[in-house]
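Read through the structure below, which is laid out as structure tokens, and then see the notes.
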Amino acid sequence: MKDYPIEIDDYLKGNMSASEKQVFEERLQTDTELAKELKLQRDMQIVYEDQKWLQGNEEALKTEGAKQLKSFFESNEASDLKATINEVISENRSGSRNKNFWFIGIAASIAVLLTISLFVFKENNYDELYASYIHMDEIPSLVTRGEDIDKLLENAQLLFEDKKYQEAITSFTLYQQKETSINPLSYIYNGIALIELNRFDEAFVQFELLANSNSLHSKKANWYKALVFLKQKKKQELKDILKIIVSDKDNYKYLEAGELLEKLD
Amino acid sequence: MPKQENDRLQNLAEGRKEVIKELYLSVFPKVSGFIMKNNGNQLDAEDIFHKVLLQLIARYKVKAFTIEGSFEAYIFSACRNLWRRELNKQKRIVTNDKVVELSNEADDMTMATLEQEKWELFQEKFTELSGNCKRLLELFFQKVPYKDIVSKLGYNSDNVVRQRIFNCKSQLTKLIKKDSRYNQIKEL
């Protein structure tokens, strides 16, 4: 039954005389078994007394088990788990910190407002750029003096100038369906009307048709496609197409394309 | 541990949010109550709670194990221990003259995990003792003088008590040493 030297209890309890204590401590210097037993009894006292926490010896970090634990704590898996746990905590935090929430609420609303205003500023920025580059007055008129002009087309242009885009689109589309020889300018008008109504995909198709029209106006197609992207705030696509335009000085709106590229960055 | 509890431990180790939420809702209020009563705040409580779950997962990943009894009670006691450890650490940092080397977080988490394992081993072994030994040792570890134990438990003399306690402590020591886990933590 004797599993540890009983003197250890006397030593720990302070029940030894000065000379007994001295002898015991001298033994501890050389007797490693006794030292180990003393440590275990001491640990037991701390754990079972339940007053203090038993701090371990950092030498234990060198053991195999410790190394495995440590490598887990350092793993990505552990940091993911940590994030998940903290997420659950913040999702389910009760109202016990209402005071803080009130403050955080205000701070959050300010942050949201700031974000919105930045966002709006940016959005406006694109819209302003679009407005400053669209130059509708630059589109040649479909109505040329002295020429026999399709009534439908003439009417469509008037609707467009009155900003009645929906009706203008209907007329232009009807014209394009009816005619075999289509005036390429109708693609520009129809395309811009579609942009104004945010029907970007259909607008893009109009400028594709313009590009393939084998006319004087074909080379304008890239610029109008750029305007579709600009209105859509598709920065990357916009930059890509502007780069095509600036690659050749002879391209339509070469200077404007370069200017717009600079403004985007 | 009932199978259902074991599944929860496994689900926790996989980082399943529903288990984490369940434990948070059932155990966290007690944990934060304990910590707030003991010089801590809500943030300390959240920190302790997440560390305990992570330690539990780490242990499970290194070597799958089971928890005896209720999962909730287990987590609460682990949180309580970790908070006591934290307070001890702070006290040491304040009182130590020499510069305390603050180990890195992974080292600290590892040490805390090993210490908790040791604590569990000691607790578990204590429950295996006879009722008589438990009563004697509880008084002994609370540093109740032998003569008071004599009168309290009706023994004949200090010497009988001393012998009895020695026997009970020998049994406990033997139980601890016999456990395979002891070999792994005896460096601690």
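Quick note: the coordinates plus some simple rules give every number you see, no bench work behind them. All values derive from a computational prediction rather than experimental measurement. Every residue, glycine as well, gets a Cβ built from its backbone with ideal geometry; the counts of neighbours run over all protein chains shown.
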Spatially proximal lysines relative to A:Lys225 (Cα-Cα < 21 Å; intrachain offsets below 8 disregarded): A:Lys122, A:Lys163, A:Lys233, A:Lys234, A:Lys235, A:Lys239, A:Lys243, A:Lys249, A:Lys253, A:Lys263
C-alpha center-to-center spacing [the stretch B:1-65, the stretch A:163-223] in angstrom: 64 Å
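Only Lys, Arg, Asp and Glu count, each charged at its Cβ (+1, +1, -1, -1), so figure out the dipole size of the protein assembly as shown about its Cα centre, rounded to 20 debye. Please report the intermediate quantities before stating the final value.
Values: 67 positive and 72 negative charges, 467 e Å.
About 2240 debye.
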Would you work out which of A:Ile244, B:Ser70, A:Tyr224 lies farthest towards the positive end of the dipole of the protein assembly as shown? Charges go on Cβ: Lys and Arg +1, Asp and Glu -1. B:Ser70
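Run the dipole for the stretch B:69-188 about the Cα centre, Lys and Arg Cβ at +1, Asp and Glu Cβ at -1, nothing else charged, and hand back the magnitude in debye, nearest 20. Before the final figure, lay out the partial values.
Working: 22 positive and 17 negative charges, 153 e Å.
The dipole magnitude comes to about 740 debye.
Counting partner chain Cβ atoms within 10 Å of every residue's Cβ in A:43-51, what's the average? Before the final figure, lay out each step's value.
Numbers: counts 7, 9, 4, 3, 8, 10, 5, 6, 4.
Whole-number average of other-chain Cβ neighbours for A:43-51 is 6.
Quick one: Cα convex hull volume of the stretch A:1-78, Å³ per residue?
Numbers: hull volume 11.6 nm³, N = 78.
Convex hull of Cα atoms, per residue: 149 Å³.
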Magnitude of the Cβ-charge dipole of the stretch A:14-54, K/R +1 and D/E -1, about the Cα centre, nearest 20 debye? 100 debye
Sort by residue number and report every cysteine in the protein assembly as shown with no other cysteine beta carbon within a distance under 4.7 Å. B:Cys79
Mean projection of the alpha-carbon convex hull of the protein assembly as shown over all orientations, in nm²? 37.1 nm²
Among the GluC sites (Glu not before Pro) within the stretch A:154-250, which fall in a DSSP loop and have no more than 14 other Cβ atoms within 10 Å of their own Cβ? A:Glu179
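Compute the relative contact order of the stretch A:154-224 as a whole-number percentage, counting only Cα pairs closer than 8 Å that sit 6 or more residues apart in sequence. It would help to have the intermediate numbers written out before the result.
Values: 74 pairs, mean separation 17.0, N = 71.
Relative contact order here is 24 percent.
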